[in-house]
Amino acid sequence: NLGFILKMAQTINPQIYPGRELDINLEELRQLPEGTLGRELARFLDTNGFEPLNSGDWIQRTHDVWQVVTGLSPSKDDEFILQAFTRSQVFRPSSALLVLAGLLTHKCNLQEIIQVIKNGKMATKLIDWDIESDWATPLSEVRQKLGVIPLSS
């Protein structure tokens, strides 16, 4: 249940930049050239029937951007992988708990988690990245700049 997970995350996690604004204007992002970060985010949101999240802290509001940058889908299995990446980037108790749940229910495997955590530790800290300045940047260049290796399973 997504609502429960969001509430749990807001309760047990230190809040990261809770007041920081992120302007996701889908109409503008849809107009950007093919393959840019903004266009790929708009496609991701549209394809999955998602709206930009305007509540929670910075990690929650940028969750879908992180999915696009890491190349992960919104499937349950990939969500566990994204939580491992997130935990490698920032102190996030809920991410650690979700990864543990994924391992215990065999939704992800230890080798995969170890590799993702290594990748996440080597990448630039995404919480310090000015996302909006890269809307029109090709996704491949954004990944290279951040040191993010696409993780799609």
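Roughly how tilted is helix 110-122, in degrees to the nearest 10 and between 0 and 90, from the longest Cα axis of the chain?
Once rounded, the angle reads 50 degrees.
According to a simple spin-label model (label point 7 Å from Cα along Cα-to-Cβ), what is the distance in nm between Phe4 and Glu132?
3.6 nm
How far is helix 93-104 tilted, in degrees, relative to the longest principal axis of the Cα atoms in the chain, given as a value from 0 to 90 rounded to the nearest 10?
Rounded to the nearest ten degrees, it is 60.
Which one, Thr47, Leu26, Gln115, projects farthest toward the positive side of the charge dipole computed for segment 14-148 from Cβ point charges (K/R +1, D/E -1)?
Value: Gln115.
Subtracting the Cα-Cα distance from 0.36 nm times the residue separation, let me have the gained length for Asp46 to Ile117 in nm, one decimal.
On the way: separation 71, 0.36 × 71 = 25.56 nm, distance 2.87 nm.
Full extension of this stretch gives 22.7 nm more.
Gaussian network model of the chain, Cα springs within a sub-10 Å range: biggest mean-square fluctuation belongs to which of Ser73, Ser88, Ser140?
Ser140
Tell me, how many Å apart are the Cα centres for segment 9-57 and for segment 85-153?
With segment 9-57 and segment 85-153 each reduced to a Cα centre, they are spaced 16 Å.
Tell me the carbon and sulfur percent of the accessible area for segment 15-94, rounded to whole percent, probe radius 1.4 Å.
Numbers: 1790 of 3530 Å².
Here it works out to 51 percent.
With a 10 Å cut-off between alpha carbons and a GNM built on the chain, which of Asp77, Asp23, Asp64 moves the most?
Maximum among the listed residues: Asp23.
I'd like to check one number: the per residue accessible area of segment 1-128, probe 1.4 Å, reported in Å² as a whole number.
Working: 6700 Å² over 128 residues.
Here the residues of segment 1-128 average 52 Å² of exposed surface.
Among Gly38, Gly49, Gly19, determine the one that fluctuates most according to a GNM of the chain built with springs between C-alpha atoms less than 10 Å apart.
Gly49
Please return the longest range in the chain lying between exposed loop sites, taking GluC sites (Glu not before Pro), DSSP loop only, at most 15 other beta-carbon atoms within 10 Å, and leaving the sites out. Can you show the working numbers first?
Working: sites that count: Glu21, Glu34.
Here the longest segment lacking exposed loop sites spans 35-153.
Once you have the Cα-Cα distance between Asp23 and Leu100, take 0.36 nm times their residue separation minus that, and quote the gain in nm to one decimal.
Numbers: separation 77, 0.36 × 77 = 27.72 nm, distance 3.27 nm.
Contour length minus Cα-Cα distance gives 24.5 nm.
For a quick check of your reading of the filter: which trypsin sites (Lys or Arg not before Pro) in segment 15-45 sit in a DSSP loop and have no more than 13 other Cβ atoms within 10 Å? Numbers along the way, then the final one.
Working: sites: Arg20, Arg30, Arg39, Arg43; in loops: Arg20.
Filter output for segment 15-45: Arg20.
The values are calculated or read from the model by the stated rules, or taken from the named source; none is laboratory data. Quick caveat, the model's predicted, so the values are computed rather than measured. We place every Cβ from the backbone using ideal geometry, glycine too, and count neighbours over all the protein chains shown. For accessibility, only protein heavy atoms count, side chains too; no ligands or nucleic acids. Shrake-Rupley method; radii C 1.70, N 1.55, O 1.52, S 1.80 Å.
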